[in-house]
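What follows draws every value from the coordinates through simple rules; no lab data is involved. Predicted model only: the values in this text are computed from it and were never measured. Because the Cβ atoms are built from the backbone with ideal geometry, glycine has one as well, and the counts that use them run over all protein chains shown.
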Amino acid sequence: MAAQTPFDLFQARMRSIDKRRLLKPMGDSEVVDVATRVYQNLAGPMLRQSLLPMVFCYAAIVQVTAFVIPFIFQTHTTALAGQVAEVMLGVGVALLVSMPLFVLGVGYTMAVCGRLAADFVMGEEPDEARAVELAKKATPKMMRLIGDILLRTAGPLLLGVVFMTVSAVVGQAGGETVSVLSGFLAVTAFILSVVAVPWALYSYALAPTAMVFEGVDGKTARHRSRLLMKKYPFHGGANSALGIVWVIILVVSVALLAGFTTLVGVIAATPFYQNLSFAGTGGQVLRTMVEMLPTLLTCWLVVPLYATTTAVLYFDRRVRIEAFDIRTLTEDIQHADRRSILLS
């Protein structure tokens with residue numbers, strides 16, 4: 001084999017540097033463009049690895065739709081104690097069964113897709129097997145993180161449901177003052193949830209990627225996300241970029257949901273499907289499963305896209321705030337062989 005010339009070494013060095021080309025400050029639209037490119041290149045492994053986790057989410061949604069909501073909003077008894085028991089049973093099933101299934105599906109998907117997207121942005125060859133291995137190790141921590149974010153997001157809403165239930169129960173028992181006060185607190189909690197939901201989703205948007213890429217625990221990941229999302233003197237916050245991401249995700253979700261719903265409508269027009277309403281509990285569950293198929297397909301396509309976009313935004317913020325690109329290139333030079341160093 002012929003000895004490498006200085007020009008060959010120089011070209012090899014440039015290729016090693018060029019692999020970090022995505023580590024740079026990006027505009028809001030560029031974040032979306034890069035994320036779309038990453039998703040297009042990694043759609044195969046991402047969708048392959050996220051299908052089963054999304055089935056867990058689908059099972060949770062079907063469970064809530066078929067069993068939890070009827071217990072909360074439809075009473076099967078005239079006794080006050082029975083009505084309260086039905087509501088508590090529905091909330092308990094949602095928190096103890098449905099929520100863990102949903103969190104498991106979302107957590108694993110965010111972990112494996114975030115890892116694959118991070119490798120691509122870093123200029124490394126995405127390794128599906130390694131991403132799966134790391135995602136499995138990170139899934140317990142990721143579940144706690146996603147569950148914590150969901151509780152922070154839905155906390156005021158859950159309090160509103162509790163106060164609303166107390167208001168109804170006490171009102172029927174004759175305690176008008178307590179009933180009015182509980183109703184006021186319920187309305188206040190519902191109003192607070194309008195603020196809490198976007199605040200939590202914004203503040204902790206980068207926490208899953210931080211956990212996967214940095215290997216930190218949930219508390220540290222949340223802290224890292226808040227630091228990266230906040231506004232600094234020479235760098236604005238990420239509100240505009242994340243706002244664009246949310247709008248695009250919403251538009252894509254609505255379009256996919258509408259398209260899949262139209263396709264499922266063909267099934268709904270069949271006599272077999274229409275007769276499911278008269279087939280007892282099993283028929284109702286099967287009917288709900290068919291109705292929720294568009295949600296399954298939409299989540300299967302959109303959740304990996306969201307994980308990819310937040311991963312790209314994570315690196316953009318680290319480059320802007322922490323000079324992550326310079327640090328990475330410095331480490332590349334320090335780990336280069338002697339002949340490459342002489343060319344720098």
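Each peptide in 241-251, 36-46 receives the mean, over its residues, of other Cβ atoms within 10 Å, and ordering these scores from highest gives 36-46, 241-251.
The 3J(HN,Hα) values that the Karplus relation (6.51, -1.76, 1.60; θ = phi - 60°) gives for region 250-265 are, in residue order, 5, 5, 4, 5, 5, 5, 5, 4, 5, x, 5, 5, 4, 5, 5, x Hz. Gly and Pro appear as x.
In terms of other Cβ atoms within 10 Å, LYS219, LYS231 run from fewest to most in the order LYS231, LYS219.
Net charge of the neighbourhood of PHE315, taken over other residues with C-beta under 10 Å away and scored Lys/Arg +1, Asp/Glu -1, is +2. Straight Cα distances below 22 angstrom link LYS137 to the lysines LYS219, with same-chain residues fewer than 8 positions distant left out. Going from the residue with the fewest nearby Cβ atoms within 10 Å to the one with the most, PHE213, PHE260 rank PHE260, PHE213.
Working note: Karplus 6.51/-1.76/1.60 with θ = phi - 60° gives region 135-144 the couplings 5, 5, 5, 8, 4, x, 5, 5, 4, 5 Hz, where Gly and Pro are set to x.
At 1.002 mPa s and 20 °C, plugging the Kirkwood radius over alpha-carbon pairs of region 156-240 into Stokes-Einstein gives what diffusion coefficient in µm²/s? D = 140 µm²/s.
Pairs with C-alpha atoms separated by more than 26 Å, drawn from the list LYS136/LYS231; LYS141/LYS230; LYS19/LYS231, are LYS136/LYS231; LYS19/LYS231.
Give me MET211, MET292 sorted ascending by neighbouring Cβ count inside 10 Å, so fewest comes first. Kindly include the intermediate steps, with their values, before the conclusion.
Details: MET211 27, MET292 19.
Arranged by neighbour count, lowest to highest, MET211, MET292 become MET292, MET211.
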